[in-house]
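Below is one structure, written out as structure tokens; the observations come after it.
The values are calculated or read from the model by the stated rules, or taken from the named source; none is laboratory data. Quick caveat, the model's predicted, so the values are computed rather than measured. Cβ sites come from the backbone with ideal geometry, for glycine too, and all protein chains shown count toward neighbours. Accessible surface is based on the protein model in full, side chains and every heavy atom, while ligands, DNA and RNA are left aside. Shrake-Rupley method; radii C 1.70, N 1.55, O 1.52, S 1.80 Å.
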Amino acid sequence: MNETVRVDRDGDIAIIVLDNPPVNALSFSLRAPLATALEELHDDPSVKGLVLACAGRTFVAGADITEFGKPVQRPHLPDLIVLLERYRKPTVAAIHGTALGGGLELAMACHFRVADAGAKFGLPEVKLGLLPGAGGTQRLPRLVGPAKALRMIVSGVPIGAREALAEGLADAVFDTDLVGNAVAFARAQSTAGATLVNVRDRDGKLTAARADLAGFDAEAANLLKRSRGLDAPVFCVKSVRNALTMSFSDALATERNYFFELVLGDQSRAQRHLFFAEREAAKVPGIGKDLAPRPVRRIGVVGAGTMGGGIAMSFANGGLPVTLLEVSEEALGKGLATIAKNYAISVSRGSLSEAEKAKRLALFTGTTRYADFADCDLIVEAVFEEMALKKDVFRKLDAVARPGAILATNTSYLDVDDIAAVTGRPGDVLGMHFFSPANVMRLVEIVRGKRTAPDVIATAIGVARTIAKVPVVVGVCHGFVGNRMLAARSDESEALLLEGATPEQVDRAFTEFGWPMGPFQMYDLAGLDIGWRNRKSLGRHAAIADPLCEQGRYGQKTGRGFYLYPDGSRTPQPDLEVALLIEAKSREAGISRRAISETEILERTLFPMINEGAKILEEGIAQRASDIDTIWVNGYGFPVGKGGPMFYADLTGLKAIVDRLGHWHAKTGKAIYQPSTLLRELAQGGGSFSAR
Ligand code: 3HC
Ligand code: NAI
């Protein structure tokens, strides 16, 4: 019929096959011929039933996100749904891979859904700052009940085929021959003369919740607790609730209006930007798909401390066996015990089964002998942040690792080229900079040294993706991309305290912006002693954090830091002693304290970071502004609804940023406020980071 839509016949059953690689998104080029096919087959008396299936790796994975925000070309998805719901002969969606978003909405417009055992069903629109916009919030509650639908739609997390079957979303699950079985299913329904009821007309599962709206609202309020200023989850809740209080058609029309309101808003634009940014970040000029990665079957990790343990867990979680090395049996035992404890916590929370825990623990081999790394394909070093020690470790690794094995350092700041230079294989050396807690945070900065071989980069990207991390390739400089920009922010956070702000005021400005926590809560959580040790080694000083450390106030772990944490509590409480210390330090520095506004806090922390980001782009340390956004969202919790620092800068307007940097430069004389050349040029030309 058309390249993207084909109609096959199996006797009296018609099979529409959608073929729009890579993920069968519902682009206009697919919608138009699909509408034609649906119209023709509807009127064809020789057709007794219809199967809707997909070619390639997946069922329809959703609307075509690249079309959002542009004028809608008819037929749109709701038109296709109307065409499907007109059928008075059985319609069956045959689902393999993922039925997501508009794909699941299309499937829910069929009378039946049958699935391959490995298929997944979900409405992930919330992750794009949206709600399902083609009936998802109305049809899903009718199939699985409003409580389950609400959880699926607000979290955006898909469920597997067996669960879909148990919940009433799927009607049958097959281990083999999905399309053949779907045809047989459609034929059986057609010959049995089954009563065909569209999902929109099935209200049975709504009755109980309609009688208990308070119960629904309580559940919704609980789910919204973590939505942190994002609009989409709130709209998802409102729309599912409408299924209980409005007629189907009114609720459907309202859902569509909500969808358009969200799709045109900044939050959804930001989240769509991040979706594509994450995928773009794994692409490196000169490293194409034709470049074969090296095989990685066994991992080595040096150091079983905070990071080494988390890194080792990440690989084991991805199914890779890990050899973990420590300086002594005692340190090794401690590291392995922490790993076992972390898995036990996951079991107690219900996120991991006992069997899975045992499987993962069996992947670890502990050792104190470098010779045991001989069979490792990738070895990640995570020992203390000291150059001499790192060099010593790399010399030892170079001596025992097999030819072709990749050697990675998890250093936060140190020069990867200097480390590589002590080995006889600098082409096989790179940085793999994980973020804390490494088994949770998704970001890995892939640090490309001057001499790192292209296939080593390709291998690191590939292995990071197999363990569900987000790799972003960066160049060598002090602190790489993330920590270098963080440093620009850290100094100013303390300066704000000295000039008149309190830690709680600064932290509140951050959380109101959408960060999970402010800088002082973060220091307390991570431990103030880490930065203190680092500063001492660099001969640097922090006016407030250093005296706090001298008093043994390391943060949550000692019950006191910038805040108090009485009786092991994790909730920060302002401390008068800290307020007095800050005032004393202001006096000592001859600063007369003044009122600091929330705007000032944001401008003085965020704008120097953006400025530093621009310098990083200028120097080619990051390839694209969107890579920087991916780093900040996945490694430091930058609010997703703001799209990352560089996207936020574009939204704010680069001219406004340059003006305010100039203002703060005039006031403080600090170099961090001196606008970078790139930022100035873009602002002058009316440009943006995304269009660069
Ligand atoms: N629209 C446009 N492009 C899409 C797309 C979509 N819905 N989904 C994926 N792509 C593109 C990706 O950008 C990528 O392009 P690239 O190769 O040029 O970088 C390519 O397809 C392959 O994607 P992945 O690299 O993500 O492939 P994976 O195999 O790792 O994952 C997937 C496949 C699980 C389907 C994942 O791509 C995904 O989650 N996609 C988005 C699903 C989604 O959010 N659907 C809802 C859309 S909104 C909607 O439907 C609104 C409706 O309610 C009206
Ligand atoms: P840590 O102090 O928790 O752990 C370091 C571990 O290395 C200790 O268990 C120690 O016994 C072990 N070790 C020391 N010398 C060794 C040797 N010669 N051989 C084998 N093991 C040895 O430190 P942490 O925080 O895990 O940091 C490790 C590295 O990760 C550092 O380079 C740090 O900069 C980097 N990093 C730290 C982050 C964090 O948030 N803690 C985040 C990202 C990177």
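Structure values in brief
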quantity	calculated
Filtered residue count, segment 641-667, keeping only those that are touching a residue at least 40 places away in the same chain (Cβ under 8 Å) and either farther than 28 Å from residue 471 by Cβ or open to solvent by less than 50 Å² (accessible area, probe 1.4 Å) (or both)	13
Residue match in segment 376-386 (condition: open to solvent by 10 Å² or more (accessible area, probe 1.4 Å), aliphatic (A, V, I, L, M) and within 16 Å of ligand 2 (Cβ to nearest atom))	yes
Hits in segment 420-438 (condition: of a type outside the set (Gly, Ala, Ser), modelled with pLDDT of 95 or more and either more than 19 Å from residue 377 (Cβ to Cβ) or under 26 Å from the mean Cα position of the chain (by Cα) (or both))	422, 430, 432, 433, 434, 435
Positions within segment 668-685 being among the hydroxyl-bearing types (Ser, Thr, Tyr) and either open to solvent by 20 Å² or more (accessible area, probe 1.4 Å) or not assigned by TED's automatic domain parsing to the domain that holds residue 610 (or both), in sequence order	668, 677
Residue check for residue 552: in the same structural domain as residue 505 (by TED's automatic domain parsing) and either modelled with pLDDT under 95 or under 30 Å from the mean Cα position of the chain (by Cα) (or both)	no
Output for segment 315-350, where each listed residue is outside any loop (DSSP other than H, G, I, E, B), of a type outside the set (A, V, I, L, M, F, W, C) and within 23 Å of the chain's Cα centre (by Cα)	317, 342, 343, 346, 349
Only one of 538, 564 that is under 35 Å from the mean Cα position of the chain (by Cα), over 19 Å from residue 437 (Cβ atoms), aliphatic (A, V, I, L, M) and surrounded by fewer than 17 Cβ atoms within 10 Å (Cβ to Cβ)	538
Residues of segment 100-129 that turn out to be aliphatic (A, V, I, L, M) and closer than 29 Å to residue 266 by Cβ, as a count	6
From the options 58, 4, 91, residue that is closer than 18 Å to residue 190 by Cβ, open to solvent by less than 20 Å² (accessible area, probe 1.4 Å) and among the polar types (S, T, N, Q)	91
Segment 7-26 - residue that is in a strand (DSSP E or B) and aliphatic (A, V, I, L, M) and, of those, nearest to ligand 1 (Cβ to nearest atom)	26
Residue check, residue 227 part of a loop (DSSP other than H, G, I, E, B), open to solvent by less than 60 Å² (accessible area, probe 1.4 Å) and polar (S, T, N, Q)	yes
Complete set of residues in segment 520-535 that are polar (S, T, N, Q) and crowded, with 17+ Cβ neighbours inside 10 Å	521
Residue within segment 253-263 that is farther than 30 Å from residue 207 by Cα, within 16 Å of ligand 1 (Cβ to nearest atom), modelled with pLDDT of 95 or more and crowded, with 17+ Cβ neighbours inside 10 Å present	yes
In segment 137-167, the residues that are over 21 Å from residue 218 (Cβ atoms) and in contact with a Ser or Thr (Cβ under 9 Å, 6 or more places away or on another chain)	138, 158
Subset of segment 326-364 [closer than 20 Å to residue 300 by Cβ, among the small types (Gly, Ala, Ser) and open to solvent by less than 50 Å² (accessible area, probe 1.4 Å)]	328, 331, 333, 335, 340
Top-ranked residue in segment 270-283 [being crowded, with 19+ Cβ neighbours inside 10 Å and more than 19 Å from residue 651 (Cβ to Cβ); ranked as farthest from ligand 1 (Cβ to nearest atom)]	281
Leading residue by the ranking (surrounded by the most Cβ atoms within 10 Å (Cβ to Cβ)) among those in segment 94-117 that are under 20 Å from residue 133 (Cβ atoms) and more than 15 Å from ligand 1 (Cβ to nearest atom)	113
Index of the failed condition, residue 69 passing every other in (1) part of a loop (DSSP other than H, G, I, E, B); (2) on the phi < 0 side of the Ramachandran plot; (3) out of contact with any His (no Cβ under 9 Å at 6 or more places or on another chain)	(2)
Any hit, segment 303-314, residues being in contact (Cβ under 8 Å) with a residue 12 or more places away in the chain, away from ligand 2 (no atom under 11 Å from the Cβ), hydroxyl-bearing (Ser, Thr, Tyr) and assigned to a helix (DSSP H, G or I)	yes
Residues being more than 16 Å from ligand 1 (Cβ to nearest atom) and under 14 Å from residue 235 (Cα atoms) - total across segment 118-149	0
Condition check for residue 182: touching a residue at least 60 places away in the same chain (Cβ under 8 Å) and surrounded by 14 or more Cβ atoms within 10 Å (Cβ to Cβ)	yes
Among residues of segment 615-640, those that are farther than 18 Å from residue 470 by Cβ, open to solvent by less than 10 Å² (accessible area, probe 1.4 Å) and of a type in the set (Asp, Glu), counted	0
Given (1) hydrophobic (A, V, I, L, M, F, W, C); (2) crowded, with 22+ Cβ neighbours inside 10 Å; (3) free of Cβ contacts under 8 Å to residues at least 12 places away in the same chain, number of the condition residue 322 does not satisfy	(3)
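Residues checked against (1) in contact (Cβ under 8 Å) with a residue 24 or more places away in the chain; (2) open to solvent by 20 Å² or more (accessible area, probe 1.4 Å):
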position: 13; (1), (2): yes, no
position: 19; (1), (2): yes, yes
position: 24; (1), (2): yes, no
position: 35; (1), (2): yes, no
position: 45; (1), (2): no, yes
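Here is a yes/no grid of residues against (1) in the same structural domain as residue 112 (by TED's automatic domain parsing); (2) more than 15 Å from ligand 1 (Cβ to nearest atom); (3) of a type in the set (A, V, I, L, M):
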site	(1), (2), (3)
43	yes, yes, no
47	yes, yes, yes
51	yes, yes, yes
56	yes, no, no
68	yes, no, no
74	yes, no, no
77	yes, no, yes
85	yes, yes, no
